[in-house]
1. Could you list, bin by bin from short to long, the percent of Cα-Cα pairs of the chain in 10 Å steps?
2. I'd like the FRET efficiency for residue 98 and residue 11, computed as 1/(1 + (r/R0)^6) with the beta carbon distance as r and R0 of 22 Å, rounded to 0.05.
3. How are the Cα pair distances of segment 205-249 distributed, in percent, across 10 Å bins from 0?
4. Give me the percent relative contact order of segment 1-147, please, defined on Cα pairs under 8 angstrom at least 6 residues apart.
5. May I have the convex hull volume per residue, in Å³, for the Cα set of segment 172-263?
6. Translational diffusion coefficient of segment 124-210 at 4 °C, 1.567 mPa s, Stokes-Einstein with Kirkwood Rh over Cα pairs, in µm²/s as a whole number.
7. Before anything else, pin down the relative contact order of the chain: Cα pairs under 8 Å, at least 6 apart, normalised by residue count, whole percent.
8. 7 Å from Cα along Cα→Cβ at both residue 19 and residue 147: what's the point-to-point distance in nm?
Amino acid sequence: MTSELLASCAQRLDEATLRGETVPQLTLTTDGLDLATAYRVQRAGVALRRARGETIVGMKMGLTSRAKMAQVGVHEPIYAHLTSMMALSDGAVLLRDEFGHPRAEPEVAFLLGKDLRGPVTAQEALKAVKGVRAALEVIDSRYRDFRFELADVVADNASSCRFVVGPTRTLEELAADGLALDALGVKLVIDGKVVHEATSAAILGDPAESLAALANMLATLGEHLSAGMVVLAGAATPAVHLETGMNVRAEVEGLGSASLTVR
Ligand code: OOG
Ligand code: MG
């Protein structure tokens, strides 16, 4: 793919993001969009955001649970970039009209205290972790009906839109409570009702495996995760459509919760 075509793909997705609109799937309209090229489109889109003053605050893994893979029909874990404008404070209001077809999903998030460079095992990756948090991610695919192929969703920064995190707990505090990172109850609660439930084992067997997988994918490009970054490990349950008036909360056993209200 030429650099002009790559830039125009990134531009189309970026404009759709700004307008809360959709674009046709890139894989249907663009020749040569393989996985590596899709990640280059993703990075070109991130560069457009940085040019507007957004900063990288973290990264996320996506499609790390069977529930998520089944919901969107793409069966391979992917990663994406999180920027300053995507980070909302816990309890914030999300304005429905700013988005196309937003969905919310419950996640486990890591806060890194040290740089993390792959290749690493899950156990090694945890040495870079300063804290663990419940998180609620809002995704909003730039493709109609959330229909996409692997390369489409990678180019679209894995549908990233907004996220909130709850209070930070350390791995030591979790262990002192007798809780294991790979066996935490995860709930998606809407207006006080549990709509989806899973355990953190749904995330590649252990959220730490997701963190390691991210570090290892980045390492193939000579990149690494930096101290201070937040990393979302991927949703443990399917995502739910957001409607005006909803209060939506992710609860993770031992970590607390993270929530948003939709207006
Ligand atoms: C892709 C993003 C997946 C997750 O946690 O699995 C994701 C999508 O579902 O549109 O963020
Ligand atoms: Mg997610």
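Rule-based calculations on the coordinates, nothing more; no lab input. These numbers come from a predicted model, not from an experiment. Cβ: placed from backbone, ideal geometry, glycine included. Neighbour counts: every protein chain shown.
1. 8, 33, 38, 18, 3, 0
2. Values: r = 20 Å, r/R0 = 0.91.
Approximately 0.65, to the nearest 0.05.
3. Cα pair-distance distribution for segment 205-249, in percent: 21, 37, 25, 15, 2.
4. Working: 164 pairs, mean separation 36.8, N = 147.
Once normalised by length, the contact order is 25 percent.
5. Working: hull volume 11.9 nm³, N = 92.
For segment 172-263, the hull spanned by Cα atoms encloses 129 Å³ per residue.
6. Values: Rh = 15.2 Å.
Value of D from the Cα-based Kirkwood radius: 85 µm²/s.
7. Details: 622 pairs, mean separation 73.6, N = 263.
Worked out over the chain, it gives 28 percent.
8. Those two pseudo-labels are separated by 2.0 nm.
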